[in-house]
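Working notes for the structure below.
The values are calculated or read from the model by the stated rules, or taken from the named source; none is laboratory data. This structure is a prediction, so every number in the text was calculated from the model and none was measured. When we count neighbours, we look across all protein chains shown, and the Cβ atoms used for this are built from the backbone with ideal geometry, even at glycine. We work out accessible area using only protein heavy atoms, side chains counted, and drop any ligands, DNA or RNA first. Shrake-Rupley method; radii C 1.70, N 1.55, O 1.52, S 1.80 Å.
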Amino acid sequence: MILLEALPFLLVLHVLLSWALPVPLGHPEDKNAEIVQNYLENFYQLPSHRYRSAGRNDTSMFVEKLKEMQRFFGLSVTGKPNAETLEMMEKPRCGVPDVGEFMLIPGNPRWKHTDLTYRIINYTPQLSTSDVESAVERAFGVWSAVSPLTFTRIAQGEADINIAFAQGDHGDNSPFDGPNGILAHAFQPGQGIGGDAHFDAEETWTKTSRNYNLFIVAAHEFGHSLGLAHSSDPGALMYPNYIFREPSTFSLPQDDINGIQAIYGSSNRPIQPTGATTPTACDPRLTFDAATTFRGEILFFTDKYFWRRHPWLRRVELNFISLFWPSLPNGIQAAYEDFDRDLVFLFKGRQYWALNGYEIQRGYPRDISNYGFPSTVQAIDAAVSYRRKTYFFVNSQFWRYDNERRLMEPGYPKSISRSFPGIGNKVDAVFQQDYFFLFFSGPIYYAFDLSTQRVTMISRSNRWLNCR
């Protein structure tokens with residue numbers, strides 16, 4: 001996964017048969033063909049090209065494996081290595097092959113005992129010894145909190161799970177590939193190398209949002225060490241691609257809880273822990289916390305996630321907020337785009353941030369008092385900018401801000417229901433398109449015609465996520 005930046009949407013030539021036909025060195029399809037070939041060999045059990053002939057059966061197998069990969073990640077199932085497929089294949093990830101939803105490793109391997117030991121064989125010089133030990137301990141704690149498992153570190157002797165940093169070919173038939181790409185891998189429970197977790201020593205390991213957070217990667221790998229396969233749930237810890245989540249507030253998602261408890265049973269705690277479930281686009285109860293246009297796209301925020309709706313793409317992407325903006329909080333409450341300044345503003349509580357593209361501008365967050373709000377306003381429910389005016393919706397009222405003069409206009413706040421008849425008294429999110437304000441309240445949205453000053457359509461909010 002390319003962290004913190006959105007990849008441009010590239011037109012990619014189809015390279016379906018390039019692995020079977022000779023391609024001139026340096027040909028633009030050559031690199032893409034190699035990416036697809038290696039990815040399917042590594043993660044979807046496509047037989048190596050060294051052991052296949054370039055025949056029709058090979059082509060069919062290639063297409064089926066590519067479709068399997070596309071289904072796993074929720075992409076358009078075309079059997080062709082298009083732009084979104086190649087983009088997904090280039091994202092940093094775990095080195096363990098993929099399976100599906102919360103799933104157990106084939107054969108359901110598990111530890112016969114629940115009091116497990118682990119040993120850190122060596123350390124990365126990029127972090128202090130105590131930082132590595134703390135990250136590993138907390139990563140095991142993610143799993144012990146929701147199951148009967150316990151983990152004890154030992155300094156010498158034979159441990160159930162050995163943890164090591166290695167590079168390149170390190171003797172386990174699963175070589176690392178240098179910076180980015182494959183970050184780490186772990187082996188299923190068992191004797192010898194079983195349960196062991198290896199981390200690529202050539203990665204930049206950190207305890208922050210920069211590069212690759214050791215705690216996040218370790219927690220994922222230890223899931224494999226305990227018997228879990230990859231999940232196709234993009235909100236799950238066991239999703240194969242690396243996604244940063246704030247360690248200090250991290251809690252195991254429900255998909256992962258279901259998986260580990262399917263193997264070892266529930267926690268011994270009197271109150272069973274529960275985790276968050278990933279929102280689904282076609283849930284009729286789905287609501288949005290905020291919405292905004294964004295350089296031709298539309299972003300819809302919900303809790304720690306946001307959807308990206310691109311005007312040229314059928315698929316609407318679900319992403320973590322932290323994937324693009326690690327320093328932003330979850331639960332964005334309002335957002336709007338200032339077209340003239342090419343900025344997007346995001347609000348939570350009394351703080352707000354300015355984005356230019358995918359970069360948070362310096363000097364933020366700032367306090368909403370800069371807009372002229374009184375201290376009685378503690379949060380913004382929704383915001384939208386239109387014709388150099390920004391409308392802020394707070395409870396049952398709205399304010400209007402002059403973008404050019406940089407001040408709140410007199411005579412506000414005003415009643416939402418009186419100024420926008422048919423909308424009601426509460427707005428959760430809003431954005432502007434053509435000559436309409438699109439208001440969202442609960443699971444319903446209202447199309448308000450600014451020229452006729454009336455509601456012209458009422459429908460379910462998730463129609464914007466291509467649900468019918």
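On the basis of the beta-carbon distance and an R0 of 51 Å, residue 191 and residue 285 show a calculated FRET efficiency of 0.60. In the set (1) 26.1; (2) 68.4; (3) 23.4, the label that goes with mean projected area of the Cα convex hull in nm² computed for this structure is (1).
Derived scalar couplings between HN and Hα for the stretch 75-86 equal 8, 5, 8, 10, x, 10, x, 7, 4, 5, 5, 5 Hz in order, rounded to whole Hz, by the Karplus curve 6.51 cos²θ - 1.76 cosθ + 1.60 (θ = phi - 60°), x for Gly and Pro. With contacts taken as Cα pairs under 8 Å at a separation of at least 6 residues, the chain carries a relative contact order of 11 percent. A 1.4 Å probe run over the stretch 131-211, with the rest of the protein chains in place, finds 44 Å² accessible per residue. Ellipticity at 222 nm from helices only: DSSP H runs of n ≥ 4 in the chain, each -39500 (n - 2.57), divided by the residue count, give -5500 deg cm²/dmol.
Dipole of the chain computed with +1 at Lys/Arg Cβ and -1 at Asp/Glu Cβ about the Cα centre; of 94, 191, 208, farthest Cα towards the positive end is 208.
Modelled label positions at residue 449 and residue 90, each set 7 Å beyond Cα in the direction of Cβ, lie 4.5 nm from each other. The calculated FRET efficiency for residue 173 paired with residue 356, based on their beta-carbon distance and R0 = 60 Å, is about 0.85. When the chymotrypsin sites (Phe, Trp or Tyr not before Pro) in the stretch 292-324 are filtered for DSSP coil states and for at most 12 other beta-carbon atoms within 10 Å of their beta-carbon, the remaining sites are 312. Computed from backbone phi, the HN-Hα couplings of the stretch 316-326 come to 9, 7, 9, 9, 6, 4, 5, 5, 9, 9, x Hz, rounded to whole numbers (Karplus: 6.51 cos²θ - 1.76 cosθ + 1.60, θ = phi - 60°; Gly and Pro given as x). Heavy-atom surface analysis with a 1.4 Å probe gives the chain a carbon and sulfur content of 49 percent of its accessible area.
Extension gain for residue 314-residue 459 works out to 50.2 nm (0.36 nm per residue, less the C-alpha to C-alpha distance).
Residue separation of residue 48 and residue 274 scaled by 0.36 nm, minus their Cα-Cα distance, works out to 77.2 nm of gained length.
From a point 7 Å beyond the Cα of residue 138 in the direction of its Cβ, which residues of the stretch 215-242 have a backbone N at a distance under 15 Å? Under 15 Å, as judged by backbone N against the label point of residue 138, lie 215-220 of the stretch 215-242.
Counting Lys and Arg as +1 and Asp and Glu as -1, each charge on the Cβ, what is the dipole of the stretch 146-207 about the Cα centre in debye, to the nearest 20?
Dipole of the stretch 146-207, to the nearest 20 debye: 300 debye.
Figure legend: label point modelled 7 angstrom from the Cα of residue 303 along Cα→Cβ; residues of the stretch 247-271 with amide N under 20 Å from it are 247-262. Structure note, pairs 304/389; 348/389; 91/112; 112/304; 31/91: Cα-Cα distances above 26 angstrom occur for 304/389; 91/112; 112/304. This model, with +1 at the C-beta of Lys and Arg and -1 at the C-beta of Asp and Glu, gives the stretch 419-468 a dipole about its Cα centre of some 200 debye.
The charge dipole of the chain, taken about its Cα centre with unit charges on the Cβ atoms of Lys, Arg (+1), Asp and Glu (-1) only, comes to about 1760 debye. Sorted on the mean count of surrounding Cβ atoms within 10 Å across their residues, most packed first, peptides 262-273, 155-166 read 155-166, 262-273. The stretch 144-202 and the stretch 414-456 have Cα centres lying 54 Å from one another.
With the cut-off at under 16 Å, measuring from each backbone N in the stretch 298-313 to a point 7 Å along the Cα-to-Cβ line of residue 249 picks out 301-306. Accessible surface computed residue by residue for the stretch 345-468, with neighbouring protein chains in place and a 1.4 Å probe, gives 49 Å² per residue.
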